[in-house]
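These notes concern the structure reproduced below.
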Amino acid sequence: MVDRPNKPMALATTPGLPPQPQVNFSHGNSRVTAVLPTGDNVTILLYGATVISWKNRFGTEKLWVSDAAKLDGSKAVRGGIPLVFPVFGTSPDHAATSKLPQHGFARNSRWEFLGKSSSESAGPSDSSVKLDFGLSSATLDDSVKGQWPFTFSLIYSVTLTPESLSTSIVVTNDGDKPIEFQVLMHTYLRVDDISKIQVTGLEDSPYVDKVDAAKTKSQSGAVTITGETDRVYTPAKGPSHAVVVSEEGEEVFTVVRDNLKDVVVWNPWTEKAAGMGDFEPKDGFKQMICIEAGAVNGWTTLDAGDAFEGAQTISD
Ligand SMILES: O=P(O)(O)OC[C@H]1O[C@@H](O)[C@H](O)[C@@H](O)[C@@H]1O
């Protein structure tokens, strides 16, 4: 897919005042990019509404994306923030989602860009931009409709400020029967060295250990990663209590959730990474940790006409 060229940086002019830099924005056939006056920027692929880059004003990339990730719409992106909906993993025993592929269809569908809203008036350091994307039963591929025959709409919003990136989803049941779904923001955070990482905010919380026969366990102390890790936590302190990733004692990411009760912590480690064709470099697992905010332990039921909203805010 070929993107249209970026528009030049827009300058706001008020008579008598020097021009103020605005949010710079480009919308191509396949992606949307926004750059704040501070230089912080974000890029979202329309395929999956996948955030594939979040850089701060110094040009430092905050998300991990595999060198072999497919960005052409042929496969869910290995990295960034793929969106998992309406099923986490596969669920052969759950009739409504049993026909869907791993992690559902949202990350493999082409979303519509609905528009942007930005705020720059208070000065560059208070600027922000919100980008909205939509996917609904009306725009879904027919093959997917056959696998999940519900009438629904999704609005996914990505908000960038100089301090944070937020993603939020609104799921609306536009049909006449209840919908049961799971949703997850599968965020690949970039770190320098996984062996120096600690994750706090999950202490004393129950979790399902997917690498140990789905046993339910309880977290004692901070989480460190020393091998394949695949856990579904339901943090004891609730969504507004931050999950913090620290590296050598310094806080590098803070994740606060809104109405998303679960947190998946995932690192594939050596063997799993070796087995994934789109995971490069093979030792790239040392530079990533997935901290995934969602509602995936059990099902969320949405009655006809109802809407659900969940969000995460990641600060660096
Ligand atoms: O390879 P996928 O489909 O992107 O999934 C990656 C991982 O996603 C995580 O969220 C799951 O807990 C893991 O079990 C899974 O392996």
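The values are calculated or read from the model by the stated rules, or taken from the named source; none is laboratory data. In this text, all values refer to a predicted model and were calculated from it rather than measured experimentally. With ideal geometry, Cβ positions are generated from the backbone for all residues, glycine too; neighbour counts draw on all protein chains shown. Accessible surface is based on the protein model in full, side chains and every heavy atom, while ligands, DNA and RNA are left aside. Shrake-Rupley method; radii C 1.70, N 1.55, O 1.52, S 1.80 Å.
Please compute the Kirkwood hydrodynamic radius over the range 24-148, one decimal place, Å, based on all pairs of different Cα atoms. When all Cα pairs of the range 24-148 are included, the Kirkwood radius is 15.9 Å. Proximity of backbone amide H atoms, modeled 1.01 Å from N, is registered between Leu260 and Ala311 at under 5 Å, excluding neighbours fewer than 5 places apart on the same chain.
Extending 7 Å from the Cα toward the beta-carbon at both Asp303 and Val170 defines two label points whose distance is 2.0 nm. With Cα atoms defining each centre, the range 133-159 and the range 62-125 are spaced 12 Å apart in the structure. Just so you know, the averaged projected area of the alpha carbon convex hull for the chain sits at 17.2 nm².
Compute, for the range 172-316, the length of the dipole vector about the Cα centre, with Cβ point charges of +1 (Lys, Arg) and -1 (Asp, Glu) only. Units Debye, rounded to 20. Charge dipole, the range 172-316, about its Cα centre: 360 debye, nearest 20.
Stretching the chain fully between Glu61 and Ser143 yields a gain of 25.9 nm (0.36 nm per residue, less the alpha carbon separation).
Dimensions of the range 192-284 based on its C-alpha atoms, expressed as ranges along the principal axes with the largest first, amount to 36, 33, 23 Å. Between Val84, Val208, Val232, the residue with the greatest mean-square fluctuation in the GNM of the chain (Cα pairs under 10 Å linked by springs) is Val208. Think of a 1.4 Å ball rolled over the protein heavy atoms: the chain then has 44 Å² of accessible area per residue. Just the protein heavy atoms count here, and of the accessible area of the chain at 1.4 Å, carbon and sulfur take up 49 percent.
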